[in-house]
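To start, the structure under review is shown below, and the notes come after it.
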Amino acid sequence: SNNIINDSQYGFRKNRSTEIALIHQKEYILDKLEKNKFVLGIFVDFTKAFDCIVHSILFRKLDLCGIRGHALDLIKSYLSHRKQYVQISNFQSKTRDITAGVPQGSILGPLLFNIYINDIANIDDQSRFIIYADDTTILLSADTHNELSSRGNNVLGKLEVWTKENALSVNVNKTKAIIFNSINKKSDTLVHLLYKSQPVEIVRSIKSLGVYFTLHLQWNDHVHNILLKASRAVGILWRHKSVLPLKAKLAIYHALFLSHLNYCTLVWATTTKTNLRKISSLHNKILRLIYNLPHRHTTDHLFSEHEIINVYHLYIYRLLRRYKIEQKKRSFTITDIASMIRYQSKYPHRHQPPWMLPRIRTNYGQQKITYQLPLQLNRLYSSGVNIADITLSQLRQYLINTPDN
């Protein structure tokens, strides 16, 4: 895309998964909470965004991106002369030309959509935008609720102008906002947000790209959702434990438990030890059902025999695995987020950790990748393990054999 696509966009782009989008979202919020600020997150819901793209506006934006001449004519031809009609039973409407929207399910459609909404991130340079397809989150911070309210309404006013210019519509009823703050930081002032004179609801929890964000960023709601979905696996395995073959049990385990556990682990798995214990307890229960073990039988041997990483080490494994893959591919996403600094000393010694840890003052700072990645690399190094010298399989085995903290 030659840097044409705004850096705030993650959808339909290489090495920019939902997890990476949410990591950037999480890091912004944590950084501001660590600095004792309030953070406002506005989660914008567009009404049928893909279907409302006006072709004439799209062509103008393509021209501004440098797509002109034959290339632009080819895209115009691709989008033109498409027709539609509505049929109900034996009644059929007149055929009309389609003058808006991009073909969903096509290869070109997502790129055209990204170009169309590309400049939304430029409406306010004091805000952070996280855009994944038509999911748009606007983040901003302030010292007080009054300032947060003022800035929030200011950016919503700019959003109103942008949507009018681009013929898009915001569903205010589905657009929500959260005020993120540390547990100890209170305010007597209420925040009121308006979009086109309609109030935007302020909530305590919201599902963003499949992960539940709550106002104190403790991930309780997301863990509760994992446990709720995983309990389905427990129910199925319990009811059919005597008839299901091992292969079928493992398929249920992967589909109804591990898939939820492994989704965006680097976002939510910095949760509290209490939440991790709840997941670990359910994990043990599922493994006992799979391998027909008594109710209180230990499962420790199953983790080592079947090379399963327990939830206490899952975040560390996913983080170090991602780091190692990035070093090999020379594609630095997590590494760039961490922006680590090598430890330098006038009197170096062999036990000196390789990476400096940033100074932090709260638990929010501890959740940040800027803190966690150098911390875990240093811990690995202090155990006599250099991440550059081991395979991913050896890293996995090392963490499986590491006792729980």
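The values are calculated or read from the model by the stated rules, or taken from the named source; none is laboratory data. None of these values were measured; they are calculated from a predicted model. Here Cβ is always computed from backbone atoms with ideal geometry, including for glycine, and neighbour counts include all displayed protein chains.
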Could you give every pair whose Cβ atoms fall below 8 Å, whose first residue belongs to the stretch 170-196 and is among the basic types (Lys, Arg), and whose second residue is modelled with pLDDT under 95 and surrounded by 21 or more Cβ atoms within 10 Å (Cβ to Cβ), counting only separations of at least 6 or pairs across chains? none
With the condition kept exactly as written, say whether any residue in the stretch 67-85 is assigned by TED's automatic domain parsing to the domain that holds SER205, on the phi > 0 side of the Ramachandran plot and either touching a strand residue (DSSP E or B) at 6+ places or on another chain (Cβ under 9 Å) or among the β-branched types (Val, Ile, Thr) (or both). yes
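Conditions (1) at pLDDT below 90; (2) basic (Lys, Arg), marked per residue:
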position: ASN310; (1), (2): no, no
position: LEU320; (1), (2): no, no
position: HIS349; (1), (2): yes, no
position: MET356; (1), (2): no, no
position: ILE360; (1), (2): no, no
position: LYS368; (1), (2): no, yes
position: LEU392; (1), (2): no, no
position: LEU399; (1), (2): no, no
Looking across the stretch 373-405 at residues that are under 28 Å from the mean Cα position of the chain (by Cα) and charged (D, E, K, R), the single one that is nearest to LEU320 (Cα to Cα) is ARG396
Looking at this structure, is ASP336 within 23 Å of SER17 (Cβ to Cβ) and acidic (Asp, Glu)? yes
Residues of the stretch 322-347 satisfying the condition of being among the basic types (Lys, Arg) and at pLDDT 95 or above: ARG322, LYS324
